[in-house]
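Since the structure comes first, as structure tokens, the remarks are kept for the end.
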Amino acid sequence: MPNREEALELLKEYNENPALVQHGIQVEACMRHFAKKVGEDEEKWGIVGLLHDLDYEKYPEEHCHKAAEIMRERGYDEEIIRAMMSHAWGICTDVEPLSAMEKTLYAVDELSGLVNACVLVRPSKSIIDLEVKSVKKKFKQKSFAAGVDREIVKKGAEMLGMTLDELIAEVIEAMREWAEECGVKGETSNE
């Protein structure tokens, strides 16, 4: 299986938009966080998060399907490819998230985007001082980060047997752990 560095290079090969690369890293951080919590393979889960939108910039009409083709050519195993496909269940794939890894990816993808948007509007531009209640307030505000599908976030939390508040707290914690890499460290100096 290709390693994290190779996966990141692959992501950058197919995505020139820095925001899409950053989103991949943010989802990777969330996936690694959850893998660690449940005693799973952090590297594998991280790579799934990193590559979940591999084809989004260049092949939006073939989202996930083109990524599966590219990943097979690069030697990724079917478990990773299936997990990547499952994040778009009901949108552009019929691959239902069944494993813990798949359910986690489904749950954190959209939410990490919302958390990132919440960070960007903070005076500190930092996740360090972001609280669950702030994210929850923006979650309820449909016009904020309007591209984030709130129903998927709710369904994802349900799949994981978590409340929305618990899932938000875990995503914030995951992105805090990787604040620098995720581009959400901002201007706070208290570590």
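Tabulated values for the structure
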read-out: Cβ-Cβ FRET estimate between LYS142 and ASP41, R0 fixed at 30 Å, reported to 0.05; value: 0.25
read-out: Sorted by Cβ neighbour density within 10 Å, fewest at the top, the residues PHE144, PHE139; value: PHE144, PHE139
read-out: Simple spin-label estimate for GLU16 and GLU57 in nanometres, 7 Å along Cα-Cβ; value: 0.8 nm
read-out: Relative contact order (%) - the chain, alpha-carbon pairs under 8 angstrom, separation at least six; value: 22 percent
read-out: Label point distance in nm, ALA117-GLU69, each placed 7 Å from Cα along Cα→Cβ; value: 3.1 nm
read-out: Ellipticity estimate at 222 nm from DSSP helix runs (n ≥ 4, -39,500 (n - 2.57)) divided over the chain, nearest 500; value: -19000 deg cm²/dmol
read-out: Peptides 31-37, 91-97 ordered by average Cβ neighbours within 10 Å, highest first; value: 31-37, 91-97
read-out: Taking all pairs of distinct alpha-carbon atoms in the chain, Kirkwood radius in angstrom; value: 16.4 Å
read-out: From the C-alpha gyration tensor of segment 1-71, square roots of 5λ in Å; value: 21, 12, 11
read-out: Peptides ranked, highest mean first, by Cβ atoms within 10 Å: ranges 7-13, 50-56, 84-90, 60-66; value: 50-56, 84-90, 7-13, 60-66
read-out: SER124 paired with GLU151, simple spin-label distance in nm, labels 7 Å along Cα-to-beta-carbon; value: 3.6 nm
read-out: Segment 84-142: projected area of the alpha-carbon convex hull, averaged over directions, in nm²; value: 5.0 nm²
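FYI, it's all coordinate maths here, none of it is from the lab. What you are looking at is a predicted structure, and each value in this text was computed from that prediction instead of being measured. Backbone-built Cβ (ideal geometry, glycine too); neighbour counts: all protein chains shown.
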